[in-house]
1. For the pair residue 34 and residue 195, what calculated FRET efficiency results from E = 1/(1 + (r/R0)^6), where r is the Cβ-Cβ distance and R0 = 41 Å, to the nearest 0.05?
2. Between the stretch 70-118 and the stretch 178-196, how many Å separate their Cα centres?
3. Of 193, 36, 219, which is the most mobile in a GNM of the chain whose springs link Cα atoms less than 10 angstrom apart?
4. Put a dot 7 Å past each Cα toward the Cβ at residue 88 and residue 149; how far apart are the dots in nm?
5. Once the piece of chain linking residue 176 and residue 62 is laid out straight, how much longer is it, given 0.36 nm per residue of separation minus the C-alpha distance between them?
6. 7 Å from Cα along Cα→Cβ at both residue 53 and residue 165: what's the point-to-point distance in nm?
7. When the chain is modelled as a GNM with alpha-carbon springs shorter than 10 Å, which of 98, 173, 41 fluctuates the most?
8. With runs of 4+ DSSP H residues as the only contributors, calculate the mean residue ellipticity of the chain at 222 nm using -39,500 (n - 2.57) per run, divided by the residue total and rounded to the nearest 500.
């Protein structure tokens, strides 16, 4: 009986110790010098596969559309990955995740730039005049160009030097544009698919972005409410 009682009492402690050890192991993995290069290599894998498919003639019946479509889709995915870093960091307690947010944002911009280059090259034969006509004629092209234009200052100010030059507050204010970029990018995807009567996938990405945005709004509201409650608490104490 004593042994069983002792084991019952010790079990929660063992589980807590195991959970703590697992957490330390995960955080140590995120802090490891090899993890960031490995994550970068993983982020470049879709591009490598796309290049391989192009060289081996495996892009399907419409290779131009496949190149444009795939690079644009990965730009949107990495944009959502970037926005997911802060919620994941807060929910898991893994502060080390913040190390990868900038790299994920740059991957999103890189794929978006490749998306535009493929569109400019394969659809318009590098004719800016043809692009201008598309912008006027097709709303989804206007949305895509707007998203890419808004991403330019974010990519240009992604270095530590630019953070110091702008100051933390101005840098953070500027980089909140990423939410505007995400809204426009989702609409770009939606409008493109709307023309083909196939909005199932855009709805999924819109839902994921909506959840990330709702989390951000909720946390901002909670923090504002906590900030406004502190002076009241101080008055009651005094």
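Taken together, the values in this text are just the output of simple stated rules run on the coordinates, not laboratory data. All values reported here derive from a predicted model rather than from experimental measurement. Cβ: placed from backbone, ideal geometry, glycine included. Neighbour counts: every protein chain shown.
1. Numbers: r = 44 Å, r/R0 = 1.08.
Result of the calculation: an efficiency of 0.40.
2. If you average the Cα positions of each part, the centres end up 16 Å apart.
3. Sorting by GNM fluctuation, first place goes to 219.
4. Here the modelled spin labels are 3.2 nm apart.
5. Values: separation 114, 0.36 × 114 = 41.04 nm, distance 3.68 nm.
Taking 0.36 nm per residue and subtracting the Cα distance, the gain is 37.4 nm.
6. Simple spin-label model gives 3.8 nm for this pair.
7. The residue that fluctuates most here is 173.
8. Values: 10 runs with 198 residues, N = 238.
Estimated from H runs of four or more residues: -28500 deg cm²/dmol.
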